[in-house]
Structure formats: structure tokens, C-alpha cells
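Here it is: the structure, laid out below.
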Amino acid sequence: MKHTFLFYSRSDNIACSKKSIIYLLVIITVLISLFAFPLQLSAQEEEQLPLEEPQTVRGKILEITEDQRFAQEFPGGMGDDYDIIYYQVKLQILSGLHRGEVIAAQHVEDERMVYNLHVEVGDEVLVYLEEDEQGQILNAYIAEIYRQRYLAYLVLLFLITILAVGSFKGLKTIITLVITGLAVIKLLLPGLLAGYSPIPLTVAICAGVTALTLFIISGVNKKTFAAIIGTTGGVMFAGIIAFIFGSLAKITGLGEEEAQMLTFIPQSAGFDFEGLLFAGIILGALGAVMDVGISVASAMNEIVTVKPDISTKELIKAGMNVGRDMMGTMSNTLILAYTGASMPLLLLFLAHEIPFGEFINWDMISSEVIRTFAGSIGLVLTIPLTVLISAAFRNKQSTD
């Protein structure tokens, strides 16, 4: 009897393994089909986009020579004197059509500016090139330090760490990260530029990313389905709450400088800036909400596995206890993340002693408050939603 049980267990495991592989292949096929036809701007909109001018290339600094230095005074005797320094920089171009050429570039440091680009011999930099109609370089200016190599090293270290700690699960994690990145770059952003409604588009993409991520990480089972439904419900609640209170508070979505700059993009489809704000809230809450959803669903699945005869009431109580333990830390995660991103702004308010009743009503600050608490409410509501769905799936399995 024991051997028969082991035989059936192994057969079931093999069948489940084959089933998981089939589901995974289906997911990958759908994914490839999805990203093979990304949303694109219309031909008319592409014609309206300005050409990249001047051309940007990578270069390495070979020599720096100070050309001129001008001592200036602030008007009205305000502040100390300041210098404007002009440099002649010899650099070798490392990319583009002029690769290998050695050219002279101009670089200016103005002591009035808080952010000055200090360069040294041996630095790799991004260079703007102005060319004539024949493609000859007229002028060259140093634009920024080339940092991409070090960012690539950091990403590589991140991937190695995931693989070293997570092994095959780590590989699945990397796949899900790639899926999320592609969804944002190939679907969400082009869709928003093309004029699609931000909230429905973001909800649909978040639901798809959630499903693919959890299927790949946790397999195709009722635990995963419960987590998907709970997560999708949580982010939808976050979006609805943000929409309601954003409308009541008359949030424009134009409180940040980057949003204001979007108004100058030449395109036929205008942006729904309120919708963009709420879509950002949904997207920003997705990671934390997904973590809560799968954790609660996994915990309840383990409880049922260890104690199959547990009553539905006890199972729901146990799931809620797990969720409550997560609630505080995950809510803090969202609040601290948004606070950290706004740290310079908060310090600025504190330094200038701006009254709380004044700055809290600014569009920019009110938007961040709504973003933080709407996301946190969505996260909290994910817990009972996932618990109830997991319990319902368990009851259905028992009756089956």
C-alpha cells in the first residue's frame, strides 16, 4: 500500500511538472506575441516629434586646458564674487560615425550654479556634436559624465546576487523583472504617449504583469489565482480611492515640473494629467500589494497543507493574523519610499519655516499624500480580499 502511494505521488508530481511546463510555455508564447507588436505612435505623431539635435556621442578626455577665467560680481553687492571658467578639452570620440577622431570641445564652469560638471583627464563623458550638412563637426560640448558602465556593473551584481541566493527561483525572479520592464517600456509608456486612457491601460497592464509574475514564481494553482485576484483588487481599490479624493481635492496632476514639461510635447493627443497621476499611484503600489497578496495566499496554503481538517473560520482567522503582521511593515514601506523621494523638498520647507497649513495644500504635496495613503489603503484591503478568496477556493476544493 505504501509503495502504491509513493507511485501515485511520483506520477502526480510528474503530471504536475508537465502541466506547469505547458502553462509556462503558453505564458512565454503569449508574452512573445504581446511584445512582438508593441503599441507605437502613429506615423503622423512620429513626424511631429523633433529630430535629435545635436547628436550625442561618448568620448574620453585626453587633455584639459583652462582657456579663460572671468571674475564677476553679484549685482548690488549681494554675495561674494564668483568665477566663470572656460576650458578647452581634447577628447577622443568612442562611439558614433566619428568614432576614433580626436577633437576639441568646450566646457564651462560657472560658480553661480549649484550643479557644476567637474571633469578630469581619463573621464568618459557624453558629448553634444553640432555638424554641418556634410557631417563635419562644427562645435562640441561636454554634456554629462558617462555613468552607464557603472550602472551596468551594479545591475550585474544585482543579478548575480539573485542567482546566488535564489538559484532557480532567482532565475524566475529575473524573468519576471524583465517582463515588468518590457511591459512598462513597450506597452505602458507608448500607450500613454499614443493617447490611451491612463487608468484602464495601467490597470490592465498591472493585472497582466501580476498574473505572469505570480504564475512564473509560484506556478499555476489556486494559491496563485487567489493572490492574483487579491492583488488586482487591491491596486484597483488604490486607484479608485485616489481618483475619488484627487477629484474632491481638485488635484491637477501638474504639480511636478516633469508633468508640466509634458504639455510642450508636440503631439495630437493631449495628456490626461489627472489620469497619469492616478495611474502612477496604481503602478507604484503594485509591488508592495503583490508581495502582500502572494504572502497571505502562501501562508494559508501552508496552513491547509499542515492541518487539512482546519475549519474555514479558523483558516480565515489565521490568514488575517498573518496579514495583520505584514500590514504595518508594508504600509511603512510605501510611506518611507515616498518620503525618501521627497526628502529635499521637505527639507526645503523646514529650512524656510513654511507653515504646515500652507505647504500641505500645494498641489504637489497633496498629490504625494494621496499617493501614499491611497496605496496603503489598497495594500491593507488586499489582505481580507486574498484571505476570503483563498478560503473560498479551499472550500470549493473540499466540495470537489
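Of the residues that sit in segment 349-400 and are modelled with pLDDT of 80 or more and of a type in the set (S, T, N, Q), which one is farthest from the chain's Cα centre (by Cα)?
Restricting to residues being modelled with pLDDT of 80 or more and of a type in the set (S, T, N, Q), the top hit is Ser390.
Sticking with this one: Among the residues of segment 322-341, is any of a type in the set (Asp, Glu), closer than 26 Å to Leu212 by Cβ and more than 25 Å from the chain's Cα centre (by Cα)?
Among the residues of segment 322-341, not one is of a type in the set (Asp, Glu), closer than 26 Å to Leu212 by Cβ and more than 25 Å from the chain's Cα centre (by Cα), which makes the answer no.
Moving to a separate point now. Just wondering, is there one or more residues in segment 178-199 that are under 16 Å from Ala297 (Cβ atoms), surrounded by fewer than 23 Cβ atoms within 10 Å (Cβ to Cβ) and either not small (Gly, Ala, Ser) or not assigned by TED's automatic domain parsing to the domain that holds Leu388 (or both)?
Scanning segment 178-199, I find no residue that is under 16 Å from Ala297 (Cβ atoms), surrounded by fewer than 23 Cβ atoms within 10 Å (Cβ to Cβ) and either not small (Gly, Ala, Ser) or not assigned by TED's automatic domain parsing to the domain that holds Leu388 (or both), so the answer is no.
Restricting the search to segment 116-163, which residues are in a loop (DSSP other than H, G, I, E, B) and either within 26 Å of the chain's Cα centre (by Cα) or not assigned by TED's automatic domain parsing to the domain that holds Ile93 (or both)?
Tyr146, Arg147
Given the residues Ala341, Ala351, Ala391, which is the only one that is in contact with a Gly (Cβ under 8 Å, 6 or more places away or on another chain) and assigned by TED's automatic domain parsing to the domain that holds Val289?
Just a single option satisfies the conditions, and that option is Ala391.
Any residue at all in segment 209-217 that's surrounded by fewer than 21 Cβ atoms within 10 Å (Cβ to Cβ) and of a type in the set (Gly, Ala, Ser)?
Yes, segment 209-217 has at least one match.
Say we look at segment 224-253 and pick out the residues that are buried (at least 20 other Cβ atoms within 10 Å of the Cβ) and assigned to a loop (DSSP other than H, G, I, E, B); which of these is modelled with the lowest pLDDT?
If we take residues in segment 224-253 being buried (at least 20 other Cβ atoms within 10 Å of the Cβ) and assigned to a loop (DSSP other than H, G, I, E, B), then Gly253 is modelled with the lowest pLDDT.
So which residues in segment 178-198 are hydrophobic (A, V, I, L, M, F, W, C) and part of a helix (DSSP H, G or I)? Before you say what the answer is, go through the steps one by one.
Applying the first criterion (hydrophobic (A, V, I, L, M, F, W, C)) to segment 178-198 yields 178-179, 182-185, 187-189, 192-194.
Within segment 178-198, Val178, Ile179, Leu182, Ala183, Val184, Ile185, Leu187, Leu188, Leu189, Leu192, Leu193 qualify.
With respect to Ile199, determine if the residue is among the aliphatic types (A, V, I, L, M) and touching an Asp or Glu at 6+ places or on another chain (Cβ under 9 Å).
yes
Kindly indicate whether any position in segment 131-150 is touching a helix residue (DSSP H, G or I) at 6+ places or on another chain (Cβ under 9 Å), surrounded by 12 or more Cβ atoms within 10 Å (Cβ to Cβ) and charged (D, E, K, R). Quick ask: steps written out before the conclusion?
Within segment 131-150, the subset touching a helix residue (DSSP H, G or I) at 6+ places or on another chain (Cβ under 9 Å) is none.
The answer is no, given that none of the residues of segment 131-150 is touching a helix residue (DSSP H, G or I) at 6+ places or on another chain (Cβ under 9 Å), surrounded by 12 or more Cβ atoms within 10 Å (Cβ to Cβ) and charged (D, E, K, R).
While we're here: Among the residues of segment 169-177, is any in a loop (DSSP other than H, G, I, E, B), under 30 Å from Gly234 (Cα atoms) and in the same structural domain as Ile241 (by TED's automatic domain parsing)?
No, the conditions are met nowhere in segment 169-177.
Return only the number of the condition from (1) more than 25 Å from Ala238 (Cα to Cα); (2) assigned to a helix (DSSP H, G or I); (3) not hydroxyl-bearing (Ser, Thr, Tyr) that Gly275 does not satisfy.
Checking Gly275 against (1) more than 25 Å from Ala238 (Cα to Cα); (2) assigned to a helix (DSSP H, G or I); (3) not hydroxyl-bearing (Ser, Thr, Tyr), the one that fails is (1).
Let me ask something else about it. Enumerate the pairs (first residue in segment 158-186 and free of Cβ contacts under 8 Å to residues at least 60 places away in the same chain; second residue anywhere and polar (S, T, N, Q) and surrounded by fewer than 15 Cβ atoms within 10 Å (Cβ to Cβ)) with beta-carbon separation below 9 Å, excluding pairs fewer than 6 apart on the same chain, so at least 6 apart or on different chains.
Pairs found: Gly170/Thr161.
Ok, one more. Could you name every one of the helices (runs of 4 or more DSSP H) located completely within segment 282-400 that has at least 2 residues being of a type in the set (A, V, I, L, M) and free of Cβ contacts under 8 Å to residues at least 60 places away in the same chain?
Where helices (runs of 4 or more DSSP H) fall fully within segment 282-400 and carry at least 2 residues being of a type in the set (A, V, I, L, M) and free of Cβ contacts under 8 Å to residues at least 60 places away in the same chain, they are 312-341, 343-351, 363-399.
Need the failing condition index for Leu154 against (1) farther than 30 Å from Ile216 by Cβ; (2) free of Cβ contacts under 8 Å to residues at least 60 places away in the same chain; (3) surrounded by fewer than 13 Cβ atoms within 10 Å (Cβ to Cβ), just the number.
Leu154 satisfies all of (1) farther than 30 Å from Ile216 by Cβ; (2) free of Cβ contacts under 8 Å to residues at least 60 places away in the same chain; (3) surrounded by fewer than 13 Cβ atoms within 10 Å (Cβ to Cβ) except (1).
Given the condition exposed (fewer than 13 other Cβ atoms within 10 Å of the Cβ) and not aromatic (Phe, Trp, Tyr), answer yes or no: does some residue in segment 379-393 qualify?
no
The values are calculated or read from the model by the stated rules, or taken from the named source; none is laboratory data. Owing to the predicted nature of the structure, the values given are computational and were not obtained by experimental measurement. All Cβ positions, glycine included, derive from the backbone under ideal geometry; neighbour counts span all protein chains shown.
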